[in-house]
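A.B. asks: Structure incoming, see below.
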Amino acid sequence: MPIPAAHADNPFFQKWETPFGVPPFDRIRPEHYLPAFEAGIRRQREEVRAITRNPAAPTFRNTVEALEDSGVFLDRVRGVLAALVEADTNAELQQVAQAAGRLLSRHLDDLHLNPALFQRVKAVHEGWTEAAGPEANRPEGRTLVARTWARFLRGGAGLGAADQARLRAIHAELAGLAEAFEDNLLRETRAFDLVVTRREDLDGLPAPDLAAALEAAHLAGHPGRWRFTLRDASLLPFLAHVRNRALRRAMLEAHSARCARGNAEDNRGLAARIAALRCEKARLLGYPTFAHYVLAEHMARTPAAALALLDAILGPALARAREEAAALQALLDRDEPGARLQPWDWPYYAEQVRNLDADELRPYFPLEQVREGAFRTANRLFGITFNERRDLPVYHPDVRAFLVQDRDGGFLGVYFADYPTRPGKRGGAWMETFRRQGVLDGRDQRPLVYNVANFPRPTADAPSLLRLDEVRTLFHEFGHALHGLLSRCRYRSLSGVATALDCSELPSQIMEHWAFEPEVMALYARHHRTGEHLPEGLAARVRRSHRLNQGFETLEYLASAYLDLAWHTLEEPRPVDAQALEAATLARIGLPAPIQPRYRTPCFAHSMTGEYAAGYYGYLWSAVLGADAFEAFLERGDLFDPATARALRTDLLEKGGSEDPAELFRAFRGRDPDLGALLRRRGL
């Protein structure tokens, strides 16, 4: 297709001559996105028009497969914009993303509510026979037909005109509400900082965190002071180590109060409206609640099954948390006689029970060594290699790019690592792709995968030094990256992490189990100055520490998972009081007062704007799968058993969402998952 003269300098309209087709980030500007989005939408409309006007009878190849192969140009633009608006954003880019989101919402409605296209998909779905051909009758082809048919039904194609119009209006409003929710959360997180003037107020804080806070204050115009923000890299060590109880309280209360202060950024009303609209959408489509609508495509299938898993873990977690609380209260009594344990006390005293000196420990976990440890773990398991390529374009100087090759030297993909925290990046850690794996024009298109995190930045006298939970996070997100990189699917919409949401966390959960095994720690845990390996006594204490505080960690997660399901099992599409719903949910599960949900409603973006709506329980579901899968290696007495690693790759990681995840797990493990594996790993 010729490039319009008006877009001659727009990289999205040009062939990318970069190595491996990596986006030319250095040439892409904010004004390039919307024209490319509009062109991508037009191109997919034309591709769909060619399908619907085909005079031949509908077949798998000329309808379902042709639809699957459409939209490549649009996906390319979406992949770049989605990455940058999350990892390197600014006000201009956010405005572009909002406009693009509205365009995309309307386009997807147009696609799924296209009556001619729906009738062709219906004909293929209902007329399925062995004569459909070998490609269509492979498991992946059957999955594609089933998923495509479900996507149209779930998109409203079977509704009458009035209900379709209402569904369009719901989608448009939800898109706007999601934008507002995310913007409010970003503003509230950025708005707060704590500048400390006296060094003695920070007694207990490890040296790397002091250095980072000193540098942050200097950059913010407060030389000689210490600055702390609500981002995890700043907040979590503060809560875990600072002796000053009043300052710990101030930090945690500021974090908990985000978007719940009755100001313009209050998200409680938005959350209630989002939940009401989702409920209305589900009922339009024939489901009793939004959770029923979502979980119909997950391994759990029903809200009752998801709740049953949460309930099975709740009792053991509560029992362990009560024991933990009693031990922490005894420590608080020593320091503050008569004081009652509060949420801002728990991380601090739990760290004392853990008895790991951060100043002693963290020098053994420099970021680049931990990353190399993850790479070497993947090499020992799957034979793949990661080699840095400094000639590849990246969207920010912090980003590192790596060529990924199979054991035979074959090209698997490109991996981008964007780890340091910075102001233009949203909180948390995640994995996504600039380009998904899939077969196009008969050629295996290998993926461009990236991990993003918010790890500490290097200081003037030390590299980025990770806490134990950050080491675990790096391995977790790297597991998602492996899922994308190892994919061997025909269809992009089924490749990599595009599986049932409560199974998609399996690769990340299983990689966490390798992180602190002695054989793996030996690959990366070395002092950044001396090169000495982590002493065995300290390594043993690290391993023991992972069974400590599991009551707390499991309960704070469970509280948010119950809260997510409470919002999405509402049976009437009318707003409810967010504060009352949250209080009732936490009271019902008996959450102890010193423990807060990992995410409260006003800042629960996973649930309110992200893909984990009604699916946050999926982390626990996947944790069961991951713990049981890891035990397959333990049973063979070899963390890197070649046959088990080969089965993990071929039975699970390579197949993405191309087959039923329950069947894939059974193929790997030889049976259904065992909940006991998770309870044993957590000491519950």
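A.B. asks: From Cα coordinates alone, what are the radius of gyration and Dmax values for the range 5-158 in angstrom?
C.D. replies: 17.8, 54
A.B. asks: Shifting gears a bit: In Å, what Kirkwood hydrodynamic radius results for the range 192-256 from the alpha-carbon pair distances? Provide the component values of the computation, followed by the final result.
C.D. replies: Numbers: mean 1/r = 0.0873 Å⁻¹.
So the Kirkwood estimate lands at 11.5 Å.
A.B. asks: Also: Hand me the trypsin sites (Lys or Arg not before Pro) from the range 532-593 located in a DSSP loop with no more than 13 other Cβ atoms within 10 Å, in residue order please.
C.D. replies: Taking the range 532-593 and a limit of 13 other Cβ atoms within 10 Å, the loop trypsin sites (Lys or Arg not before Pro) found are 547.
A.B. asks: Right, next: I'd like the distance between the alpha-carbon centres of the range 1-68 and the range 354-375, rounded to an integer number of Å.
C.D. replies: 44 Å
A.B. asks: Step through the residues of the range 152-166 one at a time and calculate ³J(HN,Hα) from phi using the Karplus curve (6.51 cos²θ - 1.76 cosθ + 1.60, θ = phi - 60°), rounding each to whole Hz and writing x for Gly and Pro.
C.D. replies: Karplus values, whole Hz, x for Gly and Pro: 6, 4, 6, x, x, 4, x, 8, x, 4, 5, 5, 5, 4, 5.
A.B. asks: Quick one: 639, 506, fewest Cβ neighbours within 10 Å first, how do they rank?
C.D. replies: Ranked by crowding around the Cβ, least crowded first: 639, 506.
A.B. asks: What full-extension length gain, to one decimal in nm, is calculated for residue 326 and residue 108 as 0.36 nm per residue of separation minus the Cα-Cα distance?
C.D. replies: Value of the extension gain: 73.2 nm.
A.B. asks: Count the DSSP beta bridges whose two residues both fall in the chain, then state the antiparallel fraction as a percent rounded to the nearest 5. Intermediate values should be presented prior to the final figure.
C.D. replies: Details: 25 of 31 bridges.
Bridges in the chain that DSSP calls antiparallel: roughly 80 percent.
A.B. asks: Next question. DSSP beta bridges in the range 362-546, what fraction antiparallel, as a percent rounded to 5?
C.D. replies: Counting only bridges with both partners in the range 362-546, antiparallel ones make up about 80 percent.
A.B. asks: Okay, next question. Note down the magnitude of the dipole of the range 164-282 about its Cα centre, charges +1 on Lys and Arg C-beta and -1 on Asp and Glu C-beta and zero elsewhere, to the nearest 20 debye.
C.D. replies: In total the dipole reaches around 260 debye.
A.B. asks: Neighbouring Cβ atoms within 10 Å as the yardstick, rank 189, 530 fewest first.
C.D. replies: 530, 189
A.B. asks: Over 48 Å apart: what share of the alpha carbon pairs of the chain falls there, rounded to a whole percent?
C.D. replies: 13 percent
A.B. asks: With θ taken as phi - 60° and the coefficients 6.51, -1.76 and 1.60, list the Karplus ³J(HN,Hα) couplings across the range 246-252 in order, rounded to whole Hz; mark glycine and proline as x.
C.D. replies: 5, 6, 4, 4, 4, 5, 5
A.B. asks: Relative to the Cα centre, what is the charge dipole magnitude of the chain, using +1 at the beta carbon of each Lys and Arg, -1 at the beta carbon of each Asp and Glu, and rounding to the nearest 20 debye? The partial results should precede the final answer.
C.D. replies: Values: 87 positive and 91 negative charges, 151 e Å.
Computed about the Cα centre, the dipole is about 720 debye.
A.B. asks: Pairs of Cα atoms under 8 Å, at least six residues apart: use those to get the relative contact order of the chain, whole percent.
C.D. replies: It comes to 16 percent, rounded to a whole number.
A.B. asks: ³J(HN,Hα) across the range 540-547 via Karplus (A = 6.51, B = -1.76, C = 1.60, θ = phi - 60°), whole Hz, x for Gly/Pro?
C.D. replies: 5, 5, 4, 5, 5, 5, 6, 9
Laboratory data are not the source of any read-out in this text; all were calculated from the coordinates shown. The structure presented is a predicted model; accordingly, all values stated were derived computationally and were not measured. Methodologically, a virtual Cβ is constructed for each residue, glycine included, from the backbone with ideal geometry; neighbour enumeration extends over all protein chains shown.
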